[in-house]
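**Student:** Take this structure first; my questions come after.
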């Protein structure tokens with residue numbers, strides 16, 4: 001097999017490639033908040049008029065260059081555009097593009113996810129606290145140990161196969177959850193009986209503040225630490241015994257997250273405590289997902305979910321038999337969803353173990 005060579009990043013990738021997109025043109029936009037931590041695929045986008053921002057095509061890699069997005073693993077691969085279509089996104093992205101005959105687009109994505117690249121980018125950050133940014137020139141000039149093109153493709157193929165399976169399981173879970181949510185809306189919204197008891201959300205649950213947890217004491221294993229957008233790390237201890245439900249309080253307003261295992265909700269969230277034990281967590285979860293928490297914002301600067309407004313939301317309380325039937329019926333969906341999540345975690349752990357070994361030559365690929 002050919003030898004790897006020390007090569008500057010700017011010699012193997014086009015950094016922030018120039019693209020044409022006229023001001024006012026409607027195009028697909030990927031905002032920073034749409035990227036999921038340590039997730040290759042971009043699951044969604046908006047369509048907006050182009051007023052500024054970085055531009056990209058399919059096959060490009062988007063790397064967050066601002067804190068804390070970079071540290072949180074916001075790096076993704078663009079594959080949501082049509083041929084010759086140009087999209088745009090946050091000015092806080094660095095865009096990496098392959099150079100034909102020299103680099104492989106999928107390999108560049110995994111290079112951007114590697115510890116060497118991430119550590120270098122994070123160490124280069126300058127600026128005021130909370131608004132630090134990567135110095136792109138430092139990253140461009142850094143020499144990486146770079147394999148020949150056939151080995152790049154072999155490495156990317158192995159890692160991509162894991163990410164493809166992870167993506168498939170995530171899509172299965174979205175379908176399963178959508179089926180259960182459709183059933184909830186049919187039974188408890190569209191077919192709600194006028195004779196059902198009138199009440200408020202606060203009659204069914206309590207919303208309890210999460211607890212602050214310093215970033216430096218989070219780990220890579222243990223109980224999941226839950227922020228308003230989802231898992232933001234792990235910790236050796238837990239605050240709430242699973243299963244349970246968390247709602248985004250600050251930042252990602254009103255996102256509803258179901259958790260099976262013990263977890264640690266931080267202070268950007270509420271976690272729920274059931275007042276009516278017989279209602280069941282599954283019923284409560286899908287009930288919360290039908291509520292429009294975005295209209296309960298109490299802070300114009302940073303979105304914040306007002307607890308009093310949320311708990312005073314009027315709801316109809318269905319009879320116990322109806323609740324039990326729903327919980328039993330949807331448990332099949334949810335159990336399958338839980339099995340998928342366990343498989344996702346296993347695959348993610350395998351990918352995250354292999355990636356640094358493959359990128360550092362500790363493990364070599366034949367090609």
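**Student:** Taking only the stretch 266-286 into account, find how many residues are assigned to a loop (DSSP other than H, G, I, E, B) and either outside the structural domain of residue 237 (by TED's automatic domain parsing) or buried (at least 20 other Cβ atoms within 10 Å of the Cβ) (or both).
**Tutor:** So in the stretch 266-286, the residues assigned to a loop (DSSP other than H, G, I, E, B) come out as 266-268, 275-276, 280.
With the extra rule that they be either outside the structural domain of residue 237 (by TED's automatic domain parsing) or buried (at least 20 other Cβ atoms within 10 Å of the Cβ) (or both), the set shrinks to 266, 268.
Count: 2.
**Student:** Testing residue 336 on (1) in contact with a strand residue (DSSP E or B) (Cβ under 9 Å, 6 or more places away or on another chain); (2) touching a residue at least 24 places away in the same chain (Cβ under 8 Å), one condition comes back false. Which one is that?
**Tutor:** It is condition (1) that residue 336 fails.
**Student:** What number of residues within the stretch 242-265 are within 25 Å of residue 340 (Cα to Cα) and either in a loop (DSSP other than H, G, I, E, B) or out of contact with any strand residue (DSSP E or B) (no Cβ under 8 Å at 6 or more places or on another chain) (or both)? Reasoning before the result, please.
**Tutor:** Of the stretch 242-265, the ones within 25 Å of residue 340 (Cα to Cα) are 242-248, 252, 254-265.
Retained after the next criterion (residues that are either in a loop (DSSP other than H, G, I, E, B) or out of contact with any strand residue (DSSP E or B) (no Cβ under 8 Å at 6 or more places or on another chain) (or both)): 242-243, 252, 254-255, 260-262.
Result for the stretch 242-265: 8.
**Student:** Just to be sure before I move on: is residue 53 surrounded by 18 or more Cβ atoms within 10 Å (Cβ to Cβ) and on the phi > 0 side of the Ramachandran plot in the structure I sent? Working first, answer last.
**Tutor:** Details: surrounded by 18 or more Cβ atoms within 10 Å (Cβ to Cβ): yes; on the phi > 0 side of the Ramachandran plot: yes.
Taking the combined requirement at face value, the residue satisfies it.
The rows are residues; the columns are (1) surrounded by 13 or more Cβ atoms within 10 Å (Cβ to Cβ); (2) touching a strand residue (DSSP E or B) at 6+ places or on another chain (Cβ under 6 Å).
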residue: 297; (1), (2): yes, no
residue: 303; (1), (2): yes, yes
residue: 306; (1), (2): yes, no
residue: 353; (1), (2): no, no
residue: 366; (1), (2): no, no
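**Student:** Let me ask something else about it. Condition first: exposed (fewer than 13 other Cβ atoms within 10 Å of the Cβ), touching a strand residue (DSSP E or B) at 6+ places or on another chain (Cβ under 8 Å) and assigned to a loop (DSSP other than H, G, I, E, B). Now tell me which residues in the stretch 113-151 satisfy that.
**Tutor:** 127, 131, listed by residue number.
**Student:** Additional query: Please pick out the residue among 349, 336 that is loosely packed, with under 14 Cβ neighbours inside 10 Å and under 19 Å from the mean Cα position of the chain (by Cα).
**Tutor:** 349
**Student:** Follow-up. Please go through the stretch 99-112 and pick out each residue that is more than 20 Å from the chain's Cα centre (by Cα) and either surrounded by fewer than 22 Cβ atoms within 10 Å (Cβ to Cβ) or farther than 15 Å from residue 64 by Cα (or both).
**Tutor:** 99, 100, 101, 102, 103, 104, 105, 107
**Student:** Mind checking which residues of the stretch 77-91 are modelled with pLDDT of 95 or more and touching a helix residue (DSSP H, G or I) at 6+ places or on another chain (Cβ under 8 Å)?
**Tutor:** 77, 89
**Student:** Report every pair of residues separated by at least 6 positions or lying on different chains whose Cβ atoms are under 8 Å apart, first residue within the stretch 341-367 and under 19 Å from residue 109 (Cβ atoms) and assigned by TED's automatic domain parsing to the domain that holds residue 104, second modelled with pLDDT of 95 or more and in a helix (DSSP H, G or I).
**Tutor:** Listed by first residue and then by second, the contacts come to nothing, as the list is empty.
The values are calculated or read from the model by the stated rules, or taken from the named source; none is laboratory data. Values in this document were obtained by computation on a predicted structure and should not be read as measured data. Cβ atoms come from the backbone with ideal geometry, glycine included; neighbour counts cover every protein chain shown.
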